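To keep things clear, I will list the structure first and then write my remarks on it.
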Amino acid sequence: MKFKPAIKPYTGAAGGWGSLEATTRYVRDSKQTFKNIRNLMRVNKSKGFDCPGCAWGDDNTSTFSFCENGAKAVSWEATRKALDADFFAQNTVSKLYEQSDYFLEYQGRLTEPLRYNRETDRYYPVSWQEAFDLIASHMRGLDNPNQAELYTSGRASNESSYLYQLFGRMFGTNNFPDCSNMCHEASGSGLKQSIGVGKGTIHLNEFEQADAIFVFGQNPGTNHPRMLHSLRHAADRGARIVTFNTLRERGLERFADPQNPLELLTPKSGRISSSYLQPNLGGDMAAVRGMVKALLEIHRRQLAEGRPGLFDQTFIDSHTQGMEAYLAAVDATPWQHIIRQSGLSEQQLRDAADIYRGAERVICTWAMGITQHKHSVPTVREIVNLQLLFGQLGKPGAGLCPVRGHSNVQGNRTMGIDEKPPAALLDSLAAHFGFTPPRAPGHSTVEALEAMLRGEIKVLIALGGNLAAAAPDTARTEQALRRCELTVHISTKLNRSHLVTGGDALILPTLGRTELDMQTAGSQYVTVEDSFSMVHASEGVNPPLSPLQRSETAIVAGIAAAVLGNEKLDWTALAGDYRLIRDHIAATVPGFTDFNLRCEQPGGFYLGNAAAELRFNTPSGKAEFSDAPLPDTLFPQIAGRTVPFTLQTLRSHDQYNTTIYGLDDRYRGVYGQREVVFVHPEDLAALGLHDGDRVDIETLWHDGISRKVSGFKVISYDIPRGNLAAYYPETNPLVPLSSFGDGTHTPTSKSIPVRLLASKATDTARII
Ligand SMILES: Nc1nc2c(c(=O)[nH]1)N[C@H]1C(S)=C(S)[C@@H](COP(=O)(O)OP(=O)(O)OC[C@H]3O[C@@H](n4cnc5c(=O)[nH]c(N)nc54)[C@H](O)[C@@H]3O)O[C@H]1N2
Ligand SMILES: Nc1nc2c(c(=O)[nH]1)N[C@H]1C(S)=C(S)[C@@H](COP(=O)(O)OP(=O)(O)OC[C@H]3O[C@@H](n4cnc5c(=O)[nH]c(N)nc54)[C@H](O)[C@@H]3O)O[C@H]1N2
Ligand SMILES: [Mo]
């Protein structure tokens, strides 16, 4: 495969022809055009499968039921390329390890269970029974159930993740690290503390009613393209969209609807953001505090003049507590501190505050730019504070909207994939299934890796995902995985985690979302929950590539039956008919009464959200303001050194997390390459560097461990000085395992203290 690296600024709007062209290319490249098109037609409609792309909601009334990146995700899964025993016979694991992530996944679908042979350094086919028996012998041999870690990635269905957590708890552990620990953990945690529920409070259609939408730290043009439609419609009818993003992201500037022929035939495209602010990485808490400071000033002035204040006093009095302490914290924060930390001027923040107060109904959305910092929980809570002052909860067109990542990551948590499970869940599992679930909290992802490094963990099972590539501090993560006695990966495609083996290792090939899932009771559907707490059915249509592939649910049941036996609970029967699993869910998880029946509802059903109805499940029974101070500084001295740059690690347009579809990042003008770093032109000049020069990026951290990636090409970019951006997962070696969010253990993937050094490396790219 040859790629010609190039940098060509992208001048079009997001969406539009570029998007349509790219979609057609992906569909065509996957060699089964018609089938793919049929697939796409079904995505996110009431019948068919849920898009495995992102967790945005479905608007069943619109024709736009898929997006360019959803199309990539579907085609990528639906490939007819298969990996067979020959491939593994020809390639040692060490040889495959040298290949790029792109190469690994491009080889096609996994089709049979594989076991690693340490002597020959190769994977070889085994039967399902052999695989399950191997897991059972390892797990039964543990001194203590907490020597196992059960990782989950957010694509797993409600049914498979429910069985998985039940299996883990019956086995005796709460060790459920998951991708959410690296993702929206701070949203869950911050919202829970502030409003008593760790989920967003709005429905998808409320975007139609908002007067202003504040979008923090999120790149929907790439990661939630269907959200652009909601934003575009809102902008078209005059709602103000205010974006806070360190980078200028094309999708947040202009958008043309690729399914609207008029917009494709004419140069017309819609403006999205009416105001675009570029804070420093980690500067959003300061930015929001600045807005509140400005608003508080006006509020007090009006009151002093005998006019009504700005804040919604009735709402504050009846539904909140702690405002005084918060306002005291705002008073105690000088403008100077706010300006330095946010990187925005007082005027910019006053202007944003003016837009905010001019709107009757405001929605705040956010994603990884908010959640992957040390102070992410207070930042999420600061956004909530702002909304509470104005009573922006409990009314249509207003509220809080953390935009989730993986398509069912929210559902996984609802089903109990939670290392710190609520007592109520454990109580109901105990009562319904008649066992004593473990009460001690388990490990999050970072804690699991730390425990592996200490040699405390013997077995890792991963229900999807790619832990080796997705987790921080690659060298230490790989060392951690290698210390396990058994690693098991339930996967659709070959990935790096399969090549970082424990003493024993298994790869278990699974069906994807798009595939027909035939069990003893006939073809099965599964269910998923989107960012708006809508639960709906998802039923695959493509015949599986191999008769040996099994559904995730069947694999989890197979493991559970082998380890625990079928006597107490008939796992095999559950895997034969998913309705039985849904009956158990209905009996044990709040909100799922009559689950099977309600799955018939077109478009799914709403789980409800107490905070949206002004019922607050907090200790005080009210929404609670947070009064956390701003961090003193975001650029601390580290080990006696001044930190010259803060680096964020983000996604290109051609990737799904660690799955690399291609080497272009169209909207940012990057083609045929990924080892690049975006730098402000004046920072480049100050370093004596020019566009296209190669640099090494080195982390500055307290532990004396060297963390460096080499040979990255600098690209001058519209980014605040002192801030850098580069793609994940290539930059994961730079994120220290011990650098995580306060109270979340989420790796600080958006604020890594680094320096740039002229590179001696010429080209370090892995072979592609
Ligand atoms: N096609 C595609 N879709 C995806 C994914 C994918 O990889 N590909 N991943 C899925 C997953 S799991 C997730 S979690 C989501 C991720 O969705 P996003 O959160 O959009 O993902 P990132 O690429 O990490 O982008 C972070 C954005 O926040 C900005 N940003 C970074 N730090 C800061 C900051 O401190 N302040 C502000 N204001 N802005 C900041 C960056 O410039 C960037 O625009 O997308 C999901 N959807
Ligand atoms: N530096 C840095 N690190 C990050 C992030 C960042 O922004 N910067 N983002 C973090 C975030 S937000 C997240 S969510 C995590 C993602 O972490 P993960 O969820 O662990 O990683 P993915 O890349 O989404 O997993 C891809 C693999 O999932 C498997 N797969 C795909 N579909 C299916 C399926 O239907 N079933 C099963 N069983 N397997 C399937 C495929 O084999 C594929 O190789 O990464 C985190 N890591
Ligand atoms: Mo995520």
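The values are calculated or read from the model by the stated rules, or taken from the named source; none is laboratory data. Worth saying up front: this structure is predicted, and the values here are computed from it rather than measured. Note that we place each Cβ from the backbone using ideal geometry, even for glycine, and neighbour counts take in every protein chain shown. For accessibility, only protein heavy atoms count, side chains too; no ligands or nucleic acids. Shrake-Rupley method; radii C 1.70, N 1.55, O 1.52, S 1.80 Å.
Under the rule a/c < 1.5 gives rounded, and otherwise a/b versus b/c splits prolate from oblate, where does region 636-758 land using the Cα gyration tensor?
It is oblate, given that a/c is not under 1.5 and a/b is not larger than b/c.
Provide the packing ranking of 196-204, 492-500, 604-612, i.e. peptides ordered by the mean count of other C-beta atoms within 10 Å per residue, highest first.
492-500, 196-204, 604-612
Please report, in cubic angstrom per residue, the volume enclosed by the convex hull of the alpha-carbon atoms of region 127-261.
194
Among 288, 124, 75, flag the residue with its Cα farthest along the positive direction of the charge dipole of the chain, charges on Cβ as +1 for Lys/Arg and -1 for Asp/Glu.
Result: 75.
How many Å² of accessible area per residue for region 573-616, probe 1.4 Å?
Solvent-accessible surface per residue comes out at 44 Å².
Counting alpha carbon pairs within less than 8 Å and at least 6 residues apart, what relative contact order, in whole percent, applies to the chain? Working shown, then result.
Numbers: 1718 pairs, mean separation 162.4, N = 768.
Averaging sequence separation for qualifying contacts and normalising by length gives 21 percent for the chain.
Restricting to DSSP H runs of at least four residues, report the calculated mean residue ellipticity at 222 nm for the chain, -39500 (n - 2.57) per run over all residues, nearest 500 deg cm²/dmol.
Calculated from helices alone, the mean residue ellipticity at 222 nm is -10000 deg cm²/dmol.
For residue 95, which aspartates and glutamates qualify as cross-link partners when the Cα separation must be under 12 Å and same-chain residues fewer than eight apart are set aside?
121
Which of the peptides 532-542, 557-567, 148-158 is most tightly packed, and how do the rest follow, judged by the mean count of other Cβ atoms within 10 Å per residue? Provide the component values of the computation, followed by the final result.
On the way: 532-542: 22.0, 557-567: 19.4, 148-158: 28.1.
Highest-to-lowest ranking by the protection proxy: 148-158, 532-542, 557-567.
Taking a threshold of 29 Å on the Cα-Cα distance, which of the pairs 199/374; 192/374; 395/420; 72/750; 395/750; 8/72 fall above it?
395/420; 395/750
Just the number, please: carbon plus sulfur as a percent of the accessible area of the chain, 1.4 Å probe, no ligands or DNA/RNA counted. Let's see the in-between values first.
Working: 14130 of 27110 Å².
Of all accessible area on the chain, carbon and sulfur atoms account for 52 percent.
Cα centroid distance between region 117-143 and region 468-505, in Å?
Computed from Cα coordinates, the inter-centre distance equals 15 Å.
Note down the relative contact order for region 185-402 as a percent, whole number, built from C-alpha pairs under 8 angstrom at least six residues apart.
About 32 percent, as a whole number.
Any idea what the dipole of region 482-579 comes to, in debye rounded to 20, about its Cα centre with Lys/Arg Cβ at +1 and Asp/Glu Cβ at -1? Please report the intermediate quantities before stating the final value.
Details: 8 positive and 11 negative charges, 83 e Å.
That gives a dipole near 400 debye.
Packing-wise, with mean Cβ within 10 Å as the measure, how do 381-390, 330-339, 407-416, 729-738 rank, highest first?
The peptides rank, most packed first, as 407-416, 381-390, 729-738, 330-339.
If you take every DSSP beta bridge whose two residues both sit in the chain, what share of them, in percent to the nearest 5, is antiparallel?
The answer is about 40 percent antiparallel.
Rounded if a/c is under 1.5, else prolate if a/b beats b/c, else oblate: with a ≥ b ≥ c from the C-alpha gyration tensor eigenvalues square-rooted, which is region 185-402?
prolate
With every atom except the alpha carbons ignored, what do you get for Rg and Dmax of region 506-603, in angstroms?
14.1, 39
Sorted by accessible area with a 1.4 angstrom probe, largest first, how do 301, 550 fall?
301, 550
Charges only on Cβ, +1 for Lys and Arg, -1 for Asp and Glu: so what's the dipole of the chain about the Cα centre, in debye to the nearest 20?
1220
Which whole-number percentage describes the relative contact order of region 636-758, with Cα contacts under 8 Å and a sequence gap of 6 or more?
Computed over region 636-758, the figure is 36 percent.
Compute and list, largest first, the equivalent-ellipsoid semi-axes of region 175-231 from the alpha carbon gyration tensor, each √(5λ) rounded to a whole angstrom. Before the final figure, lay out the partial values.
Values: eigenvalues 116, 54, 18 Å².
Each semi-axis is √(5λ); the values are 24, 16, 10 Å.
Shape call for the chain from the C-alpha gyration tensor, a ≥ b ≥ c root eigenvalues: rounded (a/c under 1.5), prolate (a/b greater than b/c) or oblate?
Verdict is rounded for the chain.
Could you do me a favour and compute the accessible area per residue for region 636-758, 1.4 Å probe, result in Å²? Please list the in-between numbers first.
Details: 3850 Å² over 123 residues.
Roughly 31 Å² per residue, with all protein chains present.
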